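**Student:** Just dropping this structure here.
The values are calculated or read from the model by the stated rules, or taken from the named source; none is laboratory data. Because the structure is a prediction, the values reported are computed rather than measured. All Cβ positions, even for glycine, are placed from backbone atoms using ideal geometry, and neighbour counts span all protein chains on display. Note: areas computed on protein heavy atoms with side chains; ligands, DNA, RNA excluded. Shrake-Rupley method; radii C 1.70, N 1.55, O 1.52, S 1.80 Å.
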Amino acid sequence: MKNTVFKGIATAMVTPMTSQGVDYDTLARLIDFQIENGINALVPTGTTGESATLSPEERKEVIRFTLRRVDGRVPVIAGTGTNDTRFVLDFTRFACDNGADAVLIVTPYYNKSTQGGLIAHYTAAADISEKPVILYNVPSRTGCNILPETVSVLADHPKICGIKEASGNMAQVMELFATCGDRIDIYSGEDGLIQPMMAMGGMGCISVISNIMPKETVALADMMFRGDYKNAARLQCKLLPLIHSLFSEVNPIPVKAALSEMGFGENYVRLPLVPMTQANKEILFSRMRELGVLR
């Protein structure tokens, strides 16, 4: 496969914050926690990192800080997507110039795009990128779906190496593998579908749950790479209740509550997001205790 950036699990990192701004001390601890627990790659400034409400300056500094802290220990895939192609090009150039190993670009949201527009959007970014480009399809959040035939066209670009597929539509996922699975790395963007998507030939997952359980999520991917599908399926099912809690409210509201309870900074999200409701938080913490994440 061309330009494979990572195999296994990449964490779609939260951006720790307070009312005063980005909490870089907590971000440093979170990066070290991830790497010490065997994570395969890190993704700062993606949608889980609340990129939509980071200022351009904050976004660039989080990328810069993450790259300095990681210092080559694992690949860093910078989230450079927005709904304005001009900003995507700016962030992509910045990430490449500062040493990111790859970029992750979500589909345009709200203004959305036609399939032809998506080809033009991603081609423009890939043309100026010095590093591999991973597409990100999450139509439930963006209202914009990259069809498999569109991915097939984009897969011919020498810089476009992968896709984070989070449509949740397994028929579409199967079509994606059939259409271009031999030309592009396919990663699950759904924590609940790591095992089945890897069973179809997926390269791993860009994950939310790995923010709080990196070691276990990596173990799941490793089982799949070894061909231990049965035990991987058992672990996937064991994690499902917690995964459901992590998406019981808009991501990253629950995972930020979870990390705060684990000692990683304040439980702070930027408006229009608000902290998790008490009822859902109690269920989340209960499921974390059941899995030994909390005591």
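**Student:** Condition (residue is open to solvent by 50 Å² or more (accessible area, probe 1.4 Å) and more than 12 Å from G192 (Cα to Cα)) applied to the range 240-247: is it met by at least one residue?
**Tutor:** No, the range 240-247 has no match at all.
**Student:** Could I ask something else about it? List every residue pair whose Cβ atoms lie under 6 Å apart, where the two residues are 6 or more positions apart in sequence or sit on different chains, the first residue falls within the range 209-224 and is over 19 Å from K256 (Cβ atoms), and the second residue, located anywhere, is open to solvent by 10 Å² or more (accessible area, probe 1.4 Å) and assigned to a helix (DSSP H, G or I).
**Tutor:** Every condition considered, the pairs that remain are L220/L235; M223/N231; M224/M198.
**Student:** Can you tell me which residue is most open to solvent (accessible area, probe 1.4 Å) among those in the range 50-73 that are part of a helix (DSSP H, G or I) and basic (K, R)?
**Tutor:** Keep residues of the range 50-73 that are part of a helix (DSSP H, G or I), which gives 51-53, 56-70.
So of that shortlist, the ones also basic (K, R) come out as 59-60, 64, 68-69.
Numbers: R59: 8, K60: 48, R64: 81, R68: 140, R69: 100 Å².
Selected residue: R68.
**Student:** Please go through (1) touching a Cys at 6+ places or on another chain (Cβ under 7 Å); (2) open to solvent by 30 Å² or more (accessible area, probe 1.4 Å) for I194 and return the number of the only condition it doesn't satisfy.
**Tutor:** The one condition I194 does not meet is (2).
**Student:** What's the total number of residues in the range 22-42 that are farther than 22 Å from C205 by Cα, touching a helix residue (DSSP H, G or I) at 6+ places or on another chain (Cβ under 7 Å) and open to solvent by less than 30 Å² (accessible area, probe 1.4 Å)? Lay out the reasoning, then the answer.
**Tutor:** So the first thing to find is which residues in the range 22-42 are farther than 22 Å from C205 by Cα, and the list is 22-26, 28-29.
Subset that is touching a helix residue (DSSP H, G or I) at 6+ places or on another chain (Cβ under 7 Å): 22, 24, 28.
Still in the running and open to solvent by less than 30 Å² (accessible area, probe 1.4 Å): 22, 28.
Looking only at that region, the number is 2.
**Student:** Could I ask something else about it? Of the residues V88, V5, which is aliphatic (A, V, I, L, M), in contact with a Gly (Cβ under 7 Å, 6 or more places away or on another chain), surrounded by 23 or more Cβ atoms within 10 Å (Cβ to Cβ) and not in a helix (DSSP H, G or I)?
**Tutor:** V5
**Student:** Please verify whether A279 is among the hydrophobic types (A, V, I, L, M, F, W, C) and either over 18 Å from the mean Cα position of the chain (by Cα) or more than 29 Å from D25 (Cα to Cα) (or both), treating the condition exactly as stated. Outline the logic, then answer.
**Tutor:** On the way: among the hydrophobic types (A, V, I, L, M, F, W, C): yes; either over 18 Å from the mean Cα position of the chain (by Cα) or more than 29 Å from D25 (Cα to Cα) (or both): yes.
Taking the combined requirement at face value, the residue satisfies it.
**Student:** Considering only residues that are in contact (Cβ under 8 Å) with a residue 60 or more places away in the chain and surrounded by 18 or more Cβ atoms within 10 Å (Cβ to Cβ), look in the range 122-173 and name the one that is nearest to S207 (Cα to Cα).
**Tutor:** The first filter runs over the range 122-173 and keeps only residues in contact (Cβ under 8 Å) with a residue 60 or more places away in the chain, leaving 132, 134, 136, 138, 141, 158-159, 161-162, 164.
With surrounded by 18 or more Cβ atoms within 10 Å (Cβ to Cβ) added as a condition, the list becomes 132, 134, 136, 138, 159, 161-162, 164.
Details: P132: 19, I134: 14, Y136: 12, V138: 13, K159: 23, C161: 18, G162: 15, K164: 10 Å.
Applying the filter and picking the extreme gives K164.
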